[in-house]
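Quick note: the coordinates plus some simple rules give every number you see, no bench work behind them. Just so it is clear, the structure is predicted and the values come from calculations on it, not from any experiment. Every residue, glycine among them, receives a Cβ derived from its backbone with ideal geometry; neighbour counts consider all protein chains shown.
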Amino acid sequence: MVNSLTGPIPPELGNLEQLQYLYLDNNTLTGLIPPEFGNLAQIRILELWRNSLTGPIPPELGNLPQLVNLMLSHNSLTGSIPHELGKLTQLEWLHLQDNSLTGTIPSELGNLAHLTQLHLSSNSLTGPVPPELGNLTQLQELRLQSNTLTGALPRSLMQLHSLRTLHFGGQQLCAPRDNEFQTWLRSIPEVDGPTCAGIQFAGTIADQSFPRAQQIAPLVLPEAAGGVEPINYTLTPTMLAGLSFDASARTISGTPTEVTAAPVPYTYTATDAYGSTDSLQFNIEVYSPVAIEDETVPESFAVHGNYPNPFRQSTRIVFDLPWPARVTVEVIDVTGRRVLAIPPEDLAAGWKQDIELRGGPLPSGFYLYRLMATSPEGHSTHVSPIMRIR
């Protein structure tokens, strides 16, 4: 009701046990919602929206068995949504939007079998959308936008055949990208919100070469970005004898026991909770150290890449040196500005020399590294891209 009422709501209104309709909307009322309203056992409509009310929603409001409309929007209410509201089994409209509510959406709201409108937008709600909202088979409007909700919309929402409005944008909440969910989403007349990004690897995996009968340094494979948790990682085919792959740590480790006749191709795959996949291919070979004894040094300078790429804390650059050299590594940003430099190292000639590059204070992003090897016999430079993630 449009008036100009000010001040707090008198708790004595809670004594009106036969009251069925209370309209105090569109005023300038302040203070708390009286918990005494929980005594209004006959009330059917309670509208307090567009005031300046503060404080929490009283859990006592869950004691109103006849309540059909509860409209508390456009105030400055704080705290969490009381799970006791799930006892309002006759409720048809629940409007709590445009407040400062926090916490998660109570799963008990899934008990409101007659609910047709659920408006929770423009608060600070967190966490996933509870799958129990899929029980609201009479629901016509679901507005969740402009919170800090995360994850993917639950597949149980596909049971809401009466839904006509679904808003969920403005946060880290997204719709599953599989065909079944997208077909259901297109059946809703009014939808506003993003589709979950597909899972994706940002870089590559360098081919690996290990000496037989020598324990390898644990090799951490890259983490995929995007997708919907949980992410499952697989590596096929079966690992070479003596090596193992720990999917939970994305790590290859062990001591290879058999020399390979040729590099063995492997496929490393990430799969998210809704079946989105991305894969990387790389080779693993195992050689006998005895077989290269006659080749004491490489014939030419060669860089085999860095691993892991992308990297979090550090990455190792592997290269062949045909002569002893002083090796320097610099990191350059996309503007050409040097942002990191590793102190020079004096290395002997040999195969598979390596330098550790620690990211230090570098922010996430794409960079180039420049490796320079200098000696009286010559000077060689190699430039390759790297990616830092944090």
Open item on the list: On a full-extension model of 0.36 nm per residue, what is the gain between ASN15 and LYS352, subtracting their alpha-carbon distance, rounded to one decimal in nm?
Closed with: 112.9 nm
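Suppose a student asked you for the relative contact order of the chain, using Cα pairs under 8 Å spaced at least 6 residues apart; what percent would you report?
On the way: 1043 pairs, mean separation 29.4, N = 390.
Taking the mean separation of contacting Cα pairs over the length of the chain, I get 8 percent.
Within the chain, what's the longest stretch lacking GluC sites (Glu not before Pro) that sit in DSSP loops with no more than 14 other Cβ atoms inside 10 Å?
Numbers: sites that count: GLU17, GLU258, GLU293, GLU295, GLU299, GLU377.
Here the longest segment lacking exposed loop sites spans 18-257.
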- [ ] Work out from phi, with θ = phi - 60° and the Karplus expression 6.51 cos²θ - 1.76 cosθ + 1.60, the ³J(HN,Hα) of each residue of the range 297-303, listed in order in whole Hz, and give x for Gly and Pro.
- [x] 9, x, 7, 8, 6, 8, 10
Open item on the list: If you filter the range 305-369 for trypsin sites (Lys or Arg not before Pro), then keep DSSP loop positions with at most 13 other Cβ within 10 Å, what is left?
Closed with: ARG337
- [ ] Hey, for a label at THR126 modelled as a point 7 Å past Cα toward Cβ, could you say which residues of the range 56-83 have their backbone N under 14 Å away?
- [x] 79-81
Task: Farthest positive-ward along the range 293-390 dipole, Cα basis, beta-carbon charges - from PRO298, ALA341, PRO376 - done: ALA341
Task: Spacing of the two label points (7 Å from each Cα toward its C-beta) at SER300 and VAL220, in nm - done: 3.5 nm
Open item on the list: For SER162, project a label point 7 Å along Cα to C-beta. Then give me every residue of the range 74-94 with its amide nitrogen under 15 Å of that point.
Closed with: 89-94
Open item on the list: Relative contact order for the range 198-294: what percent, with Cα pairs under 8 Å and sequence separation of 6 or more?
Closed with: 38 percent
TODO: Quickly estimate the mean residue ellipticity at 222 nm for the chain, helices only: each DSSP H run with n ≥ 4 gives -39500 (n - 2.57), and the total goes over all residues, rounded to 500.
DONE: -500 deg cm²/dmol
- [ ] Multiply the residue gap between GLN172 and SER4 by 0.36 nm, knock off their C-alpha separation, and tell me the result in nm, one decimal place.
- [x] 56.6 nm
Open item on the list: Restricting to DSSP loop positions (anything but H, G, I, E, B) with no more than 10 other Cβ atoms inside 10 Å of their own Cβ, which chymotrypsin sites (Phe, Trp or Tyr not before Pro) remain in the range 178-253?
Closed with: none
Open item on the list: Can you compute 3J(HN,Hα) from phi for each residue in the range 260-265, using the Karplus curve 6.51 cos²θ - 1.76 cosθ + 1.60 with θ = phi - 60°, rounded to whole Hz and x for Gly and Pro?
Closed with: 8, 6, 7, x, 9, x
Task: Given charges at beta-carbon only (K, R positive; D, E negative), |dipole| of the chain in Debye - done: 500 debye
Open item on the list: Run the paramagnetic zone check for SER364: 7 angstrom along Cα to Cβ, then residues of the range 206-228 with backbone nitrogen under 19 Å.
Closed with: 221-228
Task: Label point distance in nm, ILE188-THR267, each placed 7 Å from Cα along Cα→Cβ - done: 3.5 nm
- [ ] Taking the Cα centre of the range 198-294 as origin, sum charge times position over the Cβ atoms of Lys and Arg (+1) and Asp and Glu (-1), and report the length of that vector in debye to the nearest 20.
- [x] 100 debye
